[in-house]
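First up is the structure itself, then whatever we jot down about it.
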Amino acid sequence: MYRQETPARSRFVLTFSLLLVTLGAGACLATEQSGGSATQDETLVARVGSVEITEAQIEEAQAAELQQVAQQRYEILERGMEAAIAETLIDLEAAAKGMTTDELMSGVYADVSAPTEADVDAFYESRKARINRPKEEVAAQIRNYLVQQSRQAAYGAFLDGLKQRYEVRRFLEPIRIAVGEGGGPAMGPENAPV
């Protein structure tokens, strides 16, 4: 059954995920302190009468939502990593040129020219049906948009050049999903080299 995502539901999923992480960390700490060797399957999260509910049961029941949270976490980490890389590249290049980052970036944007009236006309004409307003009303907004696009393109090209100049290596591991055999037929012998 499809459930519509709402802000309240998203907050619940996030809170529930944080609860699971906290419970998992607490269970690991308790296991370490007690010298026991509890596994994730045995991590008790609730008890109703004599029925115990484990973390593994909850994770299995909430697998799709937990996967979404894991994907969101990865995307946040990836955006943060790329922003940190860009900032570091700019800092390194400014230091190498003996200038501030503001001076460096001013030079990057110095070549960005204002869009011509023909650029504004072409943009408007190509999107006239969606804009649905007279060009005179939106010309300033179009001009600002085109300047932003040019600045972003200049910034992107500048960063691409810096990435080639400085060695940039990423170590953020992608999300991996365990895939079972599923009980389907397999080809070849079990001991075949893979």
Within straight-line cross-link reach of LYS128, aspartates and glutamates at Cα separation under 15 Å, skipping those fewer than 8 residues along the same chain: ASP119, GLU136, GLU137
P(r), alpha carbons of the stretch 80-193 - 5 Å bins starting at zero, rounded %: 2, 9, 13, 13, 9, 8, 9, 9, 8, 6, 4, 5, 4, 1, 0
The stretch 123-147-the stretch 41-76 distance, computed between alpha-carbon centres (Å): 49
Total charge dipole magnitude, the stretch 124-194, about the Cα centre, Cβ charges on Lys, Arg, Asp, Glu only, Debye to nearest 20: 600
Estimated FRET transfer efficiency (VAL48, ALA139; beta-carbon r; R0 45 Å; 0.05): 0.10
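Just so you know, all these numbers are worked out from the coordinates, no wet-lab data involved. Given the structure is predicted, the values throughout are model-derived calculations rather than measurements. Neighbour counts are summed over all protein chains in view; Cβ atoms, including those assigned to glycine, are modelled from backbone coordinates with ideal geometry.
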